[in-house]
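Chemist: One structure coming up, written as structure tokens, with questions to follow.
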Amino acid sequence: MESRKHSLIPSFLYSSSSSPRSLLLDQVLNSNSNAAFASSNLEKSPSPAPAKTATMVSRKNFLIASPTEPGKGIEMYSPAFYAACTFGGILSCGLTHMTVTPLDLVKCNMQIDPTKYKSISSGFGILMKEQGVKGFFRGWVPTLLGYSAQGACKFGFYEFFKKYYSDLAGPEYTAKYKTLIYLAGSASAEVIADIALCPFEAVKVRVQTQPGFARGMSDGFPKFVRSEGYGGLYKGLGPLWGRQIPYTMMKFASFETIVEMIYKYAIPNPKHECSKGLQLGVSFAGGYVAGVFCAIVSHPADNLVSFLNNAKGATVGDAVKKIGLLGLFTRGLPLRIVMIGTLTGAQWGLYDAFKVFVGLPTTGGVAPAPAIVAAEAKA
């Protein structure tokens with residue numbers, strides 16, 4: 001009888017989930033199955049059905065998981081979970097950075113040549129006059145490829161290291177020092193992510209700030225290597241770490257904290273009672289605020305990265321001397337706040353939207369107590 005069930009229903013519809021709701025559905029299916037089995041035997045014979053056969057029926061059954069229930073399709077912290085987070089990172093970082101290429105282009109030129117690009121409006125005007133509309137998206141290919149690689153490592157390894165450090169600390173210390181867990185996990189992930197990003201970032205800056213150097217990635221990469229060698233691709237790795245590691249630590253730790261505070265103080269209902277649309281709105285809002293903090297913290301290093309990748313043979317000392325200490329903190333900052341705030345908000349929105357799409361919960365917020373989950377399952 002069991003083999004007939006499995007032959008009629010595709011195997012991907014089976015679930016071995018042991019959540020309270022699944023157990024409740026499991027009991028209902030068992031009771032219905034046993035009742036039908038007993039009824040059939042009573043019609044054929046007045047003697048009761050053998051206990052052994054009934055036990056076999058109750059032990060083996062199938063469940064069809066609902067696609068709208070979080071966690072049914074992908075088990076948390078499984079290889080499939082980390083793969084989904086990695087792909088979500090590719091979408092969130094690659095697409096958003098490519099979209100804001102015009103802002104990034106003006107920002108880089110303001111950092112490199114402030115006498116020519118004096119403000120945001122004049123920067124866009126100069127680019128339009130000299131290069132036309134196409135000029136606003138110069139360098140979009142290395143931007144897309146580089147930040148897709150970075151996003152894959154950033155989000156995928158963050159989820160991995162957050163779980164890894166939480167397991168090392170244990171439940172008590174994880175709850176007590178959760179912010180330190182977020183900081184350590186995000187910093188570890190960004191070290192790896194920047195190694196993936198650095199070559200693409202070097203080519204991108206050179207293409208965007210030196211008109212005529214190359215059209216894009218296909219001709220810019222080999223030209224850059226011929227000029228400075230493969231080692232030149234990683235010349236800006238130190239400043240990139242200096243920019244991105246504090247940026248990412250602030251991005252993830254502040255996001256997790258802000259989202260938790262929103263659910264705790266601004267929304268009357270617990271997170272698990274909120275609609276998915278509201279949860280994604282919280283993700284975007286939390287990401288935008290976190291992005292403003294990220295831009296301020298990482299801006300001096302961002303100026304260094306732009307300067308070093310544009311000037312052949314330049315050093316950090318040359319950059320500080322040329323730009324000035326105050327200029328490192330202020331040059332191009334307003335535009336970067338707008339860009340990074342929007343970028344970070346969109347990234348968290350896209351990342352969590354993809355997680356919801358594949359059946360995973362959104363990031364951050366206060367997790368419901370086990371008693372509440374059990375009560376909901378029985379309701």
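What follows is calculated from the coordinates using simple rules that are stated; it is not laboratory data. Not measured: the values here are computed from a predicted model. Using ideal geometry, Cβ is built from the backbone for each residue, glycine included, and neighbour counts are taken over all protein chains shown.
Chemist: Distance in nm between label sites at I120 and S227, each 7 Å beyond Cα in the beta-carbon direction?
Modeler: 2.9
Chemist: Loop only per DSSP, at most 16 neighbouring Cβ atoms within 10 Å: give me the chymotrypsin sites (Phe, Trp or Tyr not before Pro) in the stretch 232-273, ordered by residue number.
Modeler: Numbers: sites: Y234, W241, Y247, F252, F255, Y263, Y265; in loops: Y234.
Hits after loop and neighbour filter: Y234.
Chemist: Taking K and R as +1 and D and E as -1, what net charge do the other residues with C-beta under 9 Å from the C-beta of F81 add up to?
Modeler: My count for the surroundings of F81 gives -2.
Chemist: I've got another one for you. Please give the contour-minus-distance gain from E75 to Q210: 0.36 nm per residue of separation, less the Cα-Cα distance, rounded to one decimal in nm.
Modeler: Numbers: separation 135, 0.36 × 135 = 48.60 nm, distance 4.81 nm.
Going from the current span to full extension adds 43.8 nm.
Chemist: Also, I was wondering about something else. How many nm separate the modelled label positions at V297 and D167, each set 7 Å beyond the Cα in the direction of the Cβ?
Modeler: For the pair V297/D167, the computed spacing is 2.6 nm.
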